[in-house]
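A short write-up of the structure that comes next.
Each reported figure results from applying straightforward, stated rules to the coordinates on display, with no laboratory input. Only a predicted model underlies this, so the values are computations on that prediction, with no experimental measurement involved. Please note: Cβ atoms are built from the backbone with ideal geometry, for glycine as well, and neighbour counts cover all protein chains shown.
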Amino acid sequence: MTTGTLPTRVSNDRIVGTYDRIATFYDWFVARLEAPARAHSLWALGASPGERVLELGCGGGNALVEIAESVGPDGRAVGLDASPRMLNRARNRVESGGGGSDAALTLGDARSLPFEDGSFDAVYVAETLELFSTSETTSVLDECRRVLRADGRLVVASMDRAGWEDTAFVRGYEWVYRTLPGYASVGCRPIYAEDVVADAGFRPEYSEQIVPAGLWPIRIVRARPA
């Protein structure tokens, strides 16, 4: 079920521009708020030594550093982001000691990935899928399936709407998204994350909803290509 999800109100290019402008603030403040969801979703990812793992929307590189450490020198962690300034934050974090040469960074568009078919054992998409329109989300997940190995896995962590439609948080958040001038350029809004993944041709094998700080719901989904 995806009925009820708010449509995006601005282009993805405008959303990317917003994150480029707030890269320092986001990496310093918002990324800290995302830490509980990051810990749960990285556990669901379960990156192992020797694996090749792609992170879409790697932002400031907090998760990428942990992925690089998990896959070790025989594996490969690759982070992709559309914002040059966010990617620069990630580069500084990786080069400062977390992950080192085991992590690569790519400026790119998740809707058209610059990687060959079947390149990765896993794709990790956290706090990113909800930035895209419905049609763009389909394109992103199609690309995820393309670059995954046949037995690969996808892990998504996203602001979730399922079961929270009538709560004060979702009603208030969606009111702000619809009415506050400029807020739509932040892009993120609650979606039906598990349904979106399943509708894109993946088979969910693990799903958990967590509520950081008791405020906003985050859905973590691990799925395989169907």
### Long-range amide H partners of F132 with built H, under 5 Å
none
### Message
Taking the beta-carbon count within 10 Å as an exposure proxy, list V186, V71 from fewest neighbours to most.
### Response
V186, V71
### Task
Run the quick spin-label model on N92 and A168: label points 7 Å from Cα toward the beta carbon, then report their separation in nm to one decimal.
3.8
### Query
Given H placed 1.01 Å from N in the peptide plane, which residues other than close sequence neighbours of R153 have an amide H under 5 Å from its amide H?
A122, V123
### Message
What is the distance in Å between the Cα centroid of region 147-172 and that of region 1-49?
### Response
11
### Task
Quick one: order R149, R161, R219, R93 by neighbouring beta-carbon count within 10 Å, fewest to most.
R149, R93, R161, R219
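Within region 103-155, which GluC sites (Glu not before Pro) sit in a loop by DSSP and count at most 16 neighbouring Cβ atoms inside 10 Å?
Numbers: sites: E116, E127, E130, E136, E143; in loops: E116, E127.
Counting only loop positions with at most 16 other Cβ atoms within 10 Å, the GluC sites (Glu not before Pro) in region 103-155 are E116.
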### Query
Per-residue ellipticity at 222 nm for the chain, helices alone: DSSP H runs ≥ 4 residues times -39500 (n - 2.57), over residue total, nearest 500 deg cm²/dmol?
-10000 deg cm²/dmol
### Message
Restricting everything to alpha-carbon atoms, can you work out Rg to Rh for region 75-226 with a Kirkwood hydrodynamic radius?
### Response
0.98
